[in-house]
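Peer 1: Just dropping this structure here.
Throughout, read-outs are computed from the coordinates displayed, never taken from laboratory work. Model, not experiment: these values are computed from the prediction. As a convention, Cβ positions derive from the backbone with ideal geometry for all residues, glycine included, and neighbour counts pool all protein chains shown.
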Ligand code: SAH
């Protein structure tokens, strides 16, 4: 990606990385390296720039949020992404995590259901030269025309394991997805495709995400 580095923000970003290293989860070194390259303040709304390098979610358009840096680091570390792998991201949002995935050297595909966010973020990708194949669509459907994917990362809380996403995983591939149970508690899950018909599912820590909703919202 292309941007002009400002010393003030570079320093804050280094402090954020130092803080992430003290998190209860051990994040992968290559993930922290990718995160250290992405200017999060450029993905925030102007009024929240002062908090851009704190480990917090912040409001973006369409009543959505930019993910917390520690959540991005956690999901990306679980993904065990290798350079050149094809990854599908559900929930482009601000594009922050998309840029982190690109910085890690992945071939990134991304879906956002809020048209207003899709438009804003597509323009930002163009400005910053973030290379990604992104569409406005329903993430529950995936991107069958680009499947199969080595990895799938879902950044909104689903209410089931989306069958169409499972079908678009390569054998040997992995999906990281937050899923809410009937009592309203969400957990992170790691789903590995063992062969054509078998998936290994690991239930991980409790987590908190905006909901993964069906269909596209075209309201601007
Ligand atoms: N990684 C993003 C997270 C944004 S929050 C960031 O850091 O900015 C989750 C996003 O998922 C929201 O933008 C929401 O609109 C989107 N989303 C929810 N359900 C979806 C679906 N079915 N398909 C695609 N995107 C969806």
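Peer 1: How do 184-190, 152-158 rank on mean C-beta neighbours within 10 Å, highest first? Provide the component values of the computation, followed by the final result.
Peer 2: Working: 184-190: 15.4, 152-158: 24.3.
By packing density, highest mean first, the sequence is 152-158, 184-190.
Peer 1: What's the exposure ranking of 85, 5, going from fewest to most Cβ atoms within 10 Å? Show your work: numbers first, answer last.
Peer 2: Details: 85 19, 5 10.
The order, fewest Cβ neighbours first, is 5, 85.
Peer 1: Further question: Can you compute the modelled spin-label distance between residue 166 and residue 2, with each label point 7 Å from Cα toward Cβ, in nm?
Peer 2: Rounded to a tenth, the inter-label distance reads 4.4 nm.
Peer 1: Also, quick follow-up: By what distance, in whole Å, do the Cα atoms of the stretch 45-96 stretch along each of the three principal axes, largest value first?
Peer 2: 35, 21, 14
Peer 1: Could you rank the peptides 75-83, 138-146 by their average count of other C-beta atoms within 10 Å per residue, with the highest value first?
Peer 2: Working: 75-83: 19.2, 138-146: 17.6.
Packing proxy ranking, top to bottom: 75-83, 138-146.
Peer 1: Find the centroid of the Cα atoms in the stretch 1-34 and in the stretch 158-189, then give the distance between the two in whole Å.
Peer 2: Answer, in whole Å: 28.
Peer 1: If I fit a long axis through the Cα atoms of helix 115-128 and take the longest principal axis of the Cα atoms of the chain, what angle between them do I get, 0 to 90°, rounded to 10?
Peer 2: 60
Peer 1: Explain nothing, just the number: relative contact order of the stretch 7-206, from Cα pairs under 8 Å at least 6 residues apart, as a whole percent. Show your work: numbers first, answer last.
Peer 2: Numbers: 367 pairs, mean separation 29.0, N = 200.
Once divided by the residue count of the stretch 7-206, the mean separation gives 14 percent.
Peer 1: With runs of 4+ DSSP H residues as the only contributors, calculate the mean residue ellipticity of the chain at 222 nm using -39,500 (n - 2.57) per run, divided by the residue total and rounded to the nearest 500.
Peer 2: Details: 6 runs with 60 residues, N = 220.
Rounded to the nearest 500, the figure is -8000 deg cm²/dmol.
Peer 1: Against the longest alpha carbon principal axis of the chain, how many degrees, from 0 to 90 and to the nearest 10, is the axis of helix 69-79 turned?
Peer 2: Approximately 40 degrees, to the nearest ten.
Peer 1: Next up: Over the Cα atoms of the stretch 78-220, how large are the radius of gyration and the largest Cα-Cα distance (Dmax), in Å?
Peer 2: So, for the stretch 78-220, Rg and Dmax equal 14.4, 43 Å respectively.
Peer 1: Okay, next question. Ranking 14, 193 by Cβ neighbours within 10 Å, fewest first, what do you get?
Peer 2: Working: 14 12, 193 21.
The fewest-first ordering by Cβ neighbours comes to 14, 193.
Peer 1: Let me ask something additional. How far is it, in nm, from the label point at residue 213 to the one at residue 131 when both lie 7 Å from their Cα along the line to the Cβ?
Peer 2: Modelled inter-label distance: 3.5 nm.
Peer 1: Just the number, please: percent antiparallel of the DSSP beta bridges in the chain, rounded to the nearest 5.
Peer 2: On the way: 16 of 36 bridges.
Of all bridge pairs located within the chain, approximately 45 percent are antiparallel.
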